[in-house]
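Contents: one structure, followed by commentary.
Where a number appears in this text, it was derived from the coordinates with a stated rule and is not lab data. As the structure is a computational prediction, the values presented were derived from the model and not from experiment. For neighbour counting, all protein chains shown are included, and Cβ atoms are generated from backbone atoms with ideal geometry for every residue, glycine included.
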Ligand SMILES: [Zn+2]
């Protein structure tokens, strides 16, 4: 049993405990409150969290962990040339060891920054899953399927095998999805097969959707339909769908997404960096769409910092709508926690309450930029940074304590990832 004492606790964006206790048994939260029932007085580990703020672990709802190797490799380019000229040629050279150490690097950054789970889509997913299993992170992982790939059917078969092998692994920390990359890279014939497989496997779908204006226009030219309408027509949205981006829904498409119950992963940093546009997030929230937050990969962000993403989400839409009341701080926090849990389809995650999974982050409040503590949720969203994270608990296990990793070898992972990146990017791009 682990007990956290004397913490300021934000169990969820609309709750607050000034000085309280959290009791964890195995991977589950047993108690959260300003009281401490008698039977919780004995604990194996007691963390004195005086001066620390306890929040639910942050959830990165759309990322490509191993892309951390490509950080800084191709910047200041639009999405399609960025993909075709730089990213895809480099990705064609990826080896399993690249995926493993690239994922480890991403995981290191996420845990250090208070992110306890993510939804990942990338190549050679088993290597990412191995990194997740070893590291202690929680993740929903999918192998990317590019329908235009000459061996698309092999990619689909491997994705199906991945789901069968890894669903529920690592004591349940790993779940799986199928990952059709995007409507522009997956023709209807393969999408239909993917929908069928997702039904059979009982897994959801993770897809990039309506990310750029060019994507929407090309879809209309090619199919006479927008990407979201296409996905509705092909039955994709009838499956539990995690739709990354949705920057350019047209007309009634926000209603379509809401009606099907799709969870959107909003990636403000990536959308800004790739110049993709501004997703109509306030309208999506108003329509009742669960809208989570993601960083996207480190090649288009270029970090995996969910504090930054919360702040960007809160600021971007105020600027876009010239209205400071949209996406208040509590809403941004909810997107990074409760909506993230919906993105991962995990019911007992995203808030600190008895029965929920014990994914908890303690933040050091004793910093000039977090003083004088007038409003903790405001501090979290508008002032805090990843470096303020003191302690991280995932699935009831302490992985970071007083800023130090308890098990992961940070120096080794950074050195190995650097070596893999040097090998991967040594070959000049075909572009
Ligand atoms: Zn992405």
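Observations, loosely collected:
- Cα→Cβ-extended label distance, 7 Å offset, between residue 1 and residue 36, nm: 1.1 nm
- Here the label points at residue 373 and residue 315, each 7 Å from Cα along the C-beta direction, are separated by 2.6 nm in the simple model.
- Cα long-axis angle, helix 306-321 against the chain (0 to 90 degrees, to the nearest 10): 60 degrees
- For the range 178-309, the gyration tensor built on C-alpha atoms gives a rounded shape. Its axis ratio a/c (a ≥ b ≥ c) stays under 1.5.
- Between 0 and 90°, nearest 10: helix 152-166 axis offset from the chain longest Cα axis: 20 degrees
- Cα long-axis angle, helix 125-135 against the chain (0 to 90 degrees, to the nearest 10): 10 degrees
- Note on residue 202 and residue 171: the extension gain reaches 9.3 nm, defined as 0.36 nm multiplied by sequence separation minus the Cα-Cα distance.
- Choice from 162, 307, 260 showing the highest fluctuation, given a GNM over the chain with Cα pairs closer than 10 Å: 260
- Likely footprinting exposure, 228, 10, fewest C-beta neighbours within 10 Å first: 10, 228
- Compared with the direct C-alpha span, the chain from residue 323 to residue 259 gains 20.3 nm at full extension, assuming 0.36 nm per residue.
- Shape call, the range 58-343: gyration tensor on alpha carbons, a/c limit 1.5: rounded
- Using the Cβ-Cβ distance between residue 44 and residue 15 with R0 set to 35 Å, the FRET efficiency from 1/(1 + (r/R0)^6) comes to roughly 0.80.
- Cα gyration tensor category, rounded, prolate or oblate, for the range 323-431 with a/c compared to 1.5: prolate
- Candidates 151, 410, 91, ranked by Gaussian network fluctuation over the chain, Cα under 10 Å, top entry: 151
- Taking the number of Cβ atoms within 10 Å of each Cβ as an exposure proxy, the fewest-first ranking of 181, 266, 248, 84 is 84, 181, 248, 266.
- All distinct Cα pairs of the range 135-246 go into the 1/r average, and the inverse of that average, the Kirkwood radius, is 14.3 Å.
- Full extension of the chain segment joining residue 283 with residue 406 gains 40.0 nm, where the gain is 0.36 nm per residue of separation less the Cα-Cα distance.
- Share, in percent, of DSSP beta bridges within the chain that are antiparallel, nearest 5: 40 percent
- Ranking of 103, 292, 383, 185 by neighbouring Cβ atoms within 10 Å, starting from the fewest: 383, 185, 292, 103.
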